[in-house]
1. Report every pair of residues separated by at least 6 positions or lying on different chains whose Cβ atoms are under 8 Å apart, first residue within the stretch 40-55 and under 13 Å from Thr80 (Cβ atoms) and in contact (Cβ under 8 Å) with a residue 60 or more places away in the chain, second surrounded by fewer than 23 Cβ atoms within 10 Å (Cβ to Cβ) and among the basic types (Lys, Arg).
2. Checking the condition of a type in the set (Phe, Trp, Tyr) and surrounded by fewer than 15 Cβ atoms within 10 Å (Cβ to Cβ), which residue from Phe55, Phe77 passes?
3. Go over the candidates Thr136, Thr87 one by one and state the one that is surrounded by 12 or more Cβ atoms within 10 Å (Cβ to Cβ) and either touching a His at 6+ places or on another chain (Cβ under 7 Å) or farther than 26 Å from Pro17 by Cα (or both).
4. So Gly33 clears everything in (1) open to solvent by 50 Å² or more (accessible area, probe 1.4 Å); (2) at negative phi; (3) not aromatic (Phe, Trp, Tyr) except one condition, right? Which one?
5. Taking the stretch 7-30, which residues are charged (D, E, K, R) and either within 16 Å of the chain's Cα centre (by Cα) or surrounded by 15 or more Cβ atoms within 10 Å (Cβ to Cβ) (or both)?
6. Quick one: Arg68 ticks every box in (1) closer than 18 Å to Asn132 by Cα; (2) at pLDDT 80 or above; (3) open to solvent by less than 40 Å² (accessible area, probe 1.4 Å) bar one, so which box is it?
Amino acid sequence: QPAKFGSVLSEAWSLYPMVIFLSVIEFVWTVSGLAVLIIPGILISVCLAFAIPAFVWYRQSPWQALKRSVQLVQSHFWVTAFYILLTQLLVSLVVLLITWGLPTTFWFNVFSAWLAAICASYYIVFTVIMFNILETIERKK
């Protein structure tokens, strides 16, 4: 039976505060790691990359979602790190190429932010796809 838009929207809104909470935790831990040295920040960022998909997919607590993200990444760390880095570089390259040579005005900043948000949505889609792939691999073990 197809889901109704209103029920999907209300479910999404009910998850939103905890998604923001997880995002803040991920941000603070990553920035703290980057402040210590660059490498710990990168390690933390990769290990926590799937916390939000784990929270939304399994309806876990934020701490369980963080734990699940680390568990998924542990056995596939380098592959995950490579694809995350590649995706971020491609998104940055697209934004750079599209905004190259535009005058830096208020509207340029608005356009850049809008473009970055669109590109970031592709990064989120990629993260969900990677999450599903890692989940499938873990289930087959």
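1. Going by the 8 Å Cβ cut-off, the qualifying pairs are Phe50/Arg68.
2. The match here is Phe77.
3. Numbers: Thr136 fails: surrounded by 12 or more Cβ atoms within 10 Å (Cβ to Cβ).
Only one candidate qualifies: Thr87.
4. The single condition Gly33 does not satisfy is (1).
5. Within the stretch 7-30, the subset charged (D, E, K, R) is 11, 26.
Result: Glu26, single match.
6. Unmet condition: (3).
The values are calculated or read from the model by the stated rules, or taken from the named source; none is laboratory data. Keep in mind that this is a model prediction, so the values were computed, not measured. Cβ sites come from the backbone with ideal geometry, for glycine too, and all protein chains shown count toward neighbours. Calculation scope for accessible area: heavy atoms of the full protein, side chains included, ligands and nucleic acids excluded. Shrake-Rupley method; radii C 1.70, N 1.55, O 1.52, S 1.80 Å.
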